[in-house]
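Colleague: Provided herewith is a single structure, encoded as structure tokens, for subsequent inquiry.
The values are calculated or read from the model by the stated rules, or taken from the named source; none is laboratory data. Remember, it's a predicted structure, so these values are computed and weren't measured experimentally. In this analysis, Cβ positions are derived from the backbone assuming ideal geometry, glycine residues included, and neighbour counts consider all displayed protein chains. All accessible areas refer to the heavy atoms of the entire protein, side chains included, with ligands and DNA or RNA removed. Shrake-Rupley method; radii C 1.70, N 1.55, O 1.52, S 1.80 Å.
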Amino acid sequence: MNIPLILGKKLNGEELVADLTKLPHLLIGGLPGSGKSNLIINIIDELAARKSPDEVKFLLIDPKMVELNNLAKRVKDHVYQPVETEPGVPYTNFNDACAAISGLCTELSSRYDLLRESHCRSIEEYNRKNEVKIPYIILVIDEYADLILMTDDFDFVEDDDCDNQIEEDEDFEHGFSFTTNVLRLAQAGRAVGIHLMLSTQRPSSYIVNGIIKASFPARIAFKVNQKKDSRVLIDRSGAELLSSPGDFIWSACGELDFAHAPLSKDCQQ
């Protein structure tokens, strides 16, 4: 596996492991305290231990400001920062986060130019043919909804006439840039080694809309409030019945499993 994700254990005791490059992105949803940040911390700690900074880097965005601080310090050599900031610190400010995602889109375009010039179709093929390797980049956003709600237009992507609306409303531009950049990364990032992990405690249809669901076929549902939230996340009910923190339902490519996430040392009392 190029980017192995150690997600936890299934009910039968088997480890639940997935390759992020095959998914190719991961969406995580659930109530506060259900285990979303804990799982993200475990995934990144594990990857940083297995892979060198030349193989995998992380772009960390944490609007909640406290969840990823300790993690960023531990894996500071793996942290990718397209916008200059304090080393080993995740982006917490909305404007900085938007600028960082825009910078990642620039990296996306540069990588496609590099693949075209090298006559390669993917980052794996390029790395096999060249001595200088391109590292995978994982964009991690711990509370995607907080950023979407700050655009003042979090549901515009479902509007069939959004192009005309954007032209008429200049205040739209900032929010449009953020959401479309995230979608661009989700839809075009796989071939050049850019993958996304998004988490949200608001799995409503406004946040996890149809375009996001199409771009994120791999999803994890921790406990949610209502059946409709479970259906938004994994297209079926069940996540509202989960009890213990750390219990989740894994849904990917037709596969459905109940599992339990490992406990991160950051979350131990």
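Colleague: Any idea which residue in the range 89-126 is modelled with the highest pLDDT, counting only those that are farther than 20 Å from residue 186 by Cα and among the β-branched types (Val, Ile, Thr)?
Modeller: 92
Colleague: List the pairs whose first member sits in the range 52-74 and is open to solvent by 60 Å² or more (accessible area, probe 1.4 Å), whose second member is of a type in the set (Lys, Arg) and outside any strand (DSSP E or B), and whose Cβ atoms are under 7 Å apart, counting only residues at least 6 apart or on separate chains?
Modeller: Partner pairs satisfying both residue conditions: 54/133.
Colleague: Determine which single condition residue 91 fails, assuming it passes every other condition in (1) over 17 Å from the mean Cα position of the chain (by Cα); (2) crowded, with 17+ Cβ neighbours inside 10 Å.
Modeller: For residue 91, the exception is condition (1).
Colleague: Identify all residues within the range 224-244 that are assigned to a loop (DSSP other than H, G, I, E, B), touching a helix residue (DSSP H, G or I) at 6+ places or on another chain (Cβ under 8 Å) and either basic (Lys, Arg) or open to solvent by less than 40 Å² (accessible area, probe 1.4 Å) (or both); write none if there are none.
Modeller: 224, 236, 238
Colleague: Regarding the range 23-42, can at least one residue be identified that is over 27 Å from residue 238 (Cα atoms), small (Gly, Ala, Ser) and either open to solvent by 20 Å² or more (accessible area, probe 1.4 Å) or in contact with a Ser or Thr (Cβ under 9 Å, 6 or more places away or on another chain) (or both)? Walk me through how you get there before you give the answer.
Modeller: Of the range 23-42, the ones over 27 Å from residue 238 (Cα atoms) are none.
Checked against the condition, which is being over 27 Å from residue 238 (Cα atoms), small (Gly, Ala, Ser) and either open to solvent by 20 Å² or more (accessible area, probe 1.4 Å) or in contact with a Ser or Thr (Cβ under 9 Å, 6 or more places away or on another chain) (or both), the range 23-42 yields no hits at all.
Colleague: Condition check: aliphatic (A, V, I, L, M), open to solvent by 10 Å² or more (accessible area, probe 1.4 Å) and at pLDDT 90 or above. Does residue 48 satisfy that?
Modeller: Taking the combined requirement at face value, the residue satisfies it.
Colleague: Kindly evaluate residue 149 against the criterion of being at pLDDT 50 or above and farther than 23 Å from residue 44 by Cα.
Modeller: Spelling it out, residue 149 is indeed at pLDDT 50 or above and farther than 23 Å from residue 44 by Cα.
Colleague: In addition: Inside the range 20-78, can you point out the residues that are among the basic types (Lys, Arg) and either assigned to a strand (DSSP E or B) or within 24 Å of residue 229 (Cα to Cα) (or both)?
Modeller: Taking the range 20-78 and keeping what is among the basic types (Lys, Arg), we get 22, 36, 50-51, 57, 64, 73-74, 76.
The answer is 36, 57, 64.
Colleague: Could you list, in sequence order, the residues of the range 99-139 that are of a type in the set (Gly, Ala, Ser) and either assigned to a helix (DSSP H, G or I) or without any contact (Cβ under 8 Å) to a residue 24 or more places away in the chain (or both)?
Modeller: First, pick out the residues of the range 99-139 that are of a type in the set (Gly, Ala, Ser): 99-100, 102-103, 109-110, 118, 122.
Within the range 99-139, 99, 100, 102, 103, 109, 110, 118 qualify.
Colleague: If I filter the range 6-16 for residues that are of a type outside the set (Ser, Thr, Tyr), part of a strand (DSSP E or B), in contact with a Phe, Trp or Tyr (Cβ under 6 Å, 6 or more places away or on another chain) and under 27 Å from residue 148 (Cβ atoms), do I get at least one hit?
Modeller: No, because not a single residue in the range 6-16 is of a type outside the set (Ser, Thr, Tyr), part of a strand (DSSP E or B), in contact with a Phe, Trp or Tyr (Cβ under 6 Å, 6 or more places away or on another chain) and under 27 Å from residue 148 (Cβ atoms).
Colleague: Considering only residues that are over 23 Å from residue 86 (Cα atoms) and open to solvent by less than 10 Å² (accessible area, probe 1.4 Å), which ones fall in the range 116-153? Steps first, answer last, please.
Modeller: Looking only at the range 116-153, we keep the residues that are over 23 Å from residue 86 (Cα atoms), and these are 116-134, 145, 148-153.
The answer is 123, 145, 148.
Colleague: Residue 221: closer than 29 Å to residue 104 by Cβ, crowded, with 16+ Cβ neighbours inside 10 Å and modelled with pLDDT of 95 or more, yes or no?
Modeller: Working: closer than 29 Å to residue 104 by Cβ: yes; crowded, with 16+ Cβ neighbours inside 10 Å: yes; modelled with pLDDT of 95 or more: yes.
Answer is yes for this residue.
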